[in-house]
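Novice: The structure that follows is given in the form of structure tokens.
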Amino acid sequence: MKNIPHDYYFRFIDPAVYEAVLDFHSKGNFTFHTAFQHCTGLHTLDEEHLRQLTGNELVLYPDMGLTVSLGLSEEDRAECLYRNESCEKFLSASLNFEVLEKLVSPLVSRSVGAHKRGYPSAGALYPVEIFICSLAESNADWPIKERVLHLLPSSRRFEVMQVNVDFEYVKAAIMGSSGEQFGFPSLAIVYSVYMPKNIFKYRYRGYRMALMEVGSIYMLVEIQAKKLGLACRPWSAYTDSMVCKLLGVNPALFFPVCIHLIGKQHETC
């Protein structure tokens with residue numbers, strides 16, 4: 001078959017493996033809603049311990065002091081490839097659709113119809129599905145009225161998702177109430193793992209490989225965004241079920257692993 005139906009993979013998966021991975025993944029889900037914001041929490045750590053435990057380096061032999069210095073000069077470091085810092089505040093601006101095409105170009109196949117893409121995938125499974133959501137209120141710079149697209153990397157096309165969602169729901173599902181502090185990103189890229197395609201070959205280990213793949217993809221996007229003069233912020237403060245409803249996919253089959261907020265950086269940052 002040239003185009004395999006997405007549910008075809010069910011013929012080859014072990015239901016017990018699938019249920020176990022689904023159960024584990026669900027433990028990491030958050031529910032962000034104003035109705036629960038005053039009665040839920042992640043931990044009981046105070047600010048002092050949070051400052052102590054975050055942003056540091058893990059030294060395995062702190063009392064020995066045996067280290068070797070990294071001998072790069074500032075000139076050498078300046079020539080290294082690196083991502084920009086995460087954007088603290090986005091400018092309210094729409095992006096031309098041509099910019100989106102350039103942004104995702106490192107993710108598509110090297111030649112039309114081929115399976116090799118710009119990032120590694122264990123066993124060429126490519127279980128990560130990439131959805132692009134317009135966060136611009138007018139949506140005027142997109143060639144279609146729909147706000148959600150699905151990248152088809154081998155054919156180098158965008159599949160138009162058949163979901164009818166208004167701007168306010170898109171913003172609420174992606175950003176939530178806490179996202180307003182970051183301004184107004186133009187795009188949200190959702191990196192979602194399609195589980196039946198993920199585990200049929202490598203079983204439980206396929207979940208780990210999928211997470212590695214997501215990391216490879218969003219770093220490629222970060223570097224490409226930097227080249228295009230765009231700002232980025234990886235984002236995890238969302239509720240899986242709301243994002244899946246926005247995309248029009250089944251939350252028991254598609255696991256949103258990470259969201260990438262992209263736009264133009266506010267000049268005050």
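Novice: Calculate the radius of gyration of the Cα atoms of the range 95-158 to one decimal place, then report Dmax, the largest Cα-Cα distance, as a whole number, both in Å.
Specialist: For the range 95-158, the Cα-based Rg and Dmax read 13.0, 41 Å.
Novice: When ligands, DNA and RNA are left out and all protein chains stay put, how many square angstrom of accessible area per residue does the chain have with a 1.4 Å probe? Provide the component values of the computation, followed by the final result.
Specialist: Values: 16520 Å² over 269 residues.
The answer is 61 Å² per residue.
Novice: Of all DSSP beta bridges located in the chain, what percent are antiparallel, nearest 5? Mind showing how you got there, number by number?
Specialist: Working: 29 of 30 bridges.
In the chain, DSSP labels about 95 percent of beta bridges as antiparallel.
Novice: Give me the one-decimal Kirkwood hydrodynamic radius in Å for the range 1-127, with the sum taken over alpha-carbon pairs. List each step's numbers first, then the result.
Specialist: On the way: mean 1/r = 0.0448 Å⁻¹.
Averaging 1/r across every pair of different Cα atoms and inverting gives 22.3 Å.
Novice: Charges only on Cβ, +1 for Lys and Arg, -1 for Asp and Glu: so what's the dipole of the chain about the Cα centre, in debye to the nearest 20?
Specialist: Values: 26 positive and 29 negative charges, 260 e Å.
The dipole magnitude comes to about 1260 debye.
Novice: Residues with beta-carbon under 10 Å from that of S192, excluding S192: net charge, scoring Lys, Arg +1 and Asp, Glu -1? Could you put the intermediate results ahead of the total?
Specialist: Values: positive: none; negative: E129, D240.
Value of the local net charge: -2.
Novice: With all protein chains present, how much of the accessible area of the chain (probe radius 1.4 Å) comes from carbon and sulfur, to the nearest whole percent? Working shown, then result.
Specialist: On the way: 8870 of 16520 Å².
Roughly 54 percent of what the probe reaches on the chain is carbon or sulfur.
Novice: Two decimals is fine: what's Rg over Rh for the range 146-193, C-alpha atoms, Kirkwood radius as Rh? All intermediate terms of the calculation are to be shown ahead of the outcome.
Specialist: On the way: Rg = 12.6 Å, Rh = 12.4 Å.
That ratio equals 1.02.
Novice: Is the range 38-110 best put as rounded, prolate or oblate by its Cα gyration tensor, with a ≥ b ≥ c the root eigenvalues, rounded for a/c under 1.5, and otherwise prolate when a/b is larger than b/c, oblate when not?
Specialist: Judged from the Cα gyration tensor, the range 38-110 comes out oblate (a/c at least 1.5, b/c at or above a/b).
Novice: Dipole magnitude of the range 1-113 about its Cα centre, charges +1 at Lys/Arg Cβ and -1 at Asp/Glu Cβ only, in debye to the nearest 20?
Specialist: So the magnitude is around 640 debye.
Novice: Taking the inverse of the average 1/r across all pairs of different Cα atoms in the chain, what Kirkwood radius in Å do you get? Walk me through the intermediate numbers first.
Specialist: On the way: mean 1/r = 0.0486 Å⁻¹.
Kirkwood radius, the chain: 20.6 Å.
Novice: I need the phi-derived Karplus couplings for the range 86-101: 6.51 cos²θ - 1.76 cosθ + 1.60, θ = phi - 60°, integer Hz, Gly and Pro marked x.
Specialist: Values per residue, Gly and Pro as x: 4, 5, 8, 7, 8, 8, 6, 7, 8, 10, 5, 4, 4, 5, 4, 4 Hz.
Novice: Let me ask something additional. With the contact rule set at Cα under 8 Å and sequence spacing of 6 or more, what percent relative contact order holds for the chain?
Specialist: On the way: 383 pairs, mean separation 74.6, N = 269.
In percent, rounded to a whole number, it is 28.
Novice: Starting from the residue with the highest accessible area, list H25, H49 in decreasing order, probe 1.4 Å.
Specialist: Values: H25 25, H49 80 Å².
In descending accessible area the options line up as H49, H25.
Novice: I need the trypsin sites (Lys or Arg not before Pro) found in the range 43-120, filtered to DSSP loop residues with at most 11 other beta carbons within 10 Å of theirs.
Specialist: Numbers: sites: R51, R77, R83, K89, K102, R110, K116, R117; in loops: R83, K89, R110, K116, R117.
Passing sites in the range 43-120 are R110.
Novice: Quick one: Karplus J couplings for the range 104-111, per residue in order, coefficients 6.51, -1.76, 1.60, θ = phi - 60°, nearest Hz, x for Gly and Pro?
Specialist: Once θ is set to phi - 60°, the couplings for the range 104-111 become 8, 4, x, 9, 8, 5, 5, 9 Hz.
Novice: Something else about it: Cα atoms only: what Rg and Dmax, in Å, come out for the range 154-232?
Specialist: Reported Rg and Dmax, both Å: 15.8, 42.
Novice: Here's a follow-up. Using the Cα gyration tensor of the range 190-269, with a ≥ b ≥ c the square roots of its eigenvalues, what is the shape: rounded (a/c below 1.5), prolate (a/b larger than b/c) or oblate (neither)? Don't skip to the answer; put the middle values down first.
Specialist: Details: a/c = 3.19, a/b = 1.68, b/c = 1.90.
The shape class here is oblate.
Novice: Okay, next question. The range 121-264: D in µm²/s via Stokes-Einstein (Kirkwood Rh, Cα pairs, 10 °C, 1.306 mPa s)? Mind showing how you got there, number by number?
Specialist: Values: Rh = 15.7 Å.
In µm²/s, the coefficient is 101.
Novice: Between the DSSP loop rule and a limit of at most 12 other Cβ atoms within 10 Å, which trypsin sites (Lys or Arg not before Pro) in the range 123-199 are left?
Specialist: On the way: sites: K145, R147, R156, R157, K171, K197; in loops: K145, R147, R156.
Hits after loop and neighbour filter: K145.
Novice: Using modelled amide H (1.01 Å from N, peptide plane; none on Pro or chain starts), what sits under 5 Å from the amide H of K116, excluding residues fewer than 5 places away?
Specialist: HN-HN under 5 Å from K116: R110.
Novice: Quickly work out the Q181-to-R156 label distance, labels modelled 7 Å from Cα along the C-beta direction, and quote it in nm with one decimal.
Specialist: Simple spin-label model gives 4.2 nm for this pair.
Novice: Taking amide H atoms as placed 1.01 Å from N in the peptide plane, list the residues 5 or more away in sequence, or in a different chain, whose amide H sits under 5 Å from that of A231.
Specialist: Under 5 Å from the amide H of A231 lie the amide H atoms of G263, K264, Q265, each far enough along the sequence or on another chain.
Novice: Here's a follow-up. With runs of 4+ DSSP H residues as the only contributors, calculate the mean residue ellipticity of the chain at 222 nm using -39,500 (n - 2.57) per run, divided by the residue total and rounded to the nearest 500. Please report the intermediate quantities before stating the final value.
Specialist: On the way: 8 runs with 76 residues, N = 269.
When only DSSP H runs of four or more count, the value is -8000 deg cm²/dmol.
Novice: Under a plain spin-label model, where a point goes 7 Å from the Cα along Cα-to-Cβ, how far apart in nm are H49 and R208?
Specialist: 3.0
The values are calculated or read from the model by the stated rules, or taken from the named source; none is laboratory data. Quantities reported herein were computed from a predicted structural model and do not represent experimental measurements. Neighbour counts are summed over all protein chains in view; Cβ atoms, including those assigned to glycine, are modelled from backbone coordinates with ideal geometry. Please note that ligands, DNA and RNA were not included when accessible areas were found on the heavy atoms of the full protein model with its side chains. Shrake-Rupley method; radii C 1.70, N 1.55, O 1.52, S 1.80 Å.
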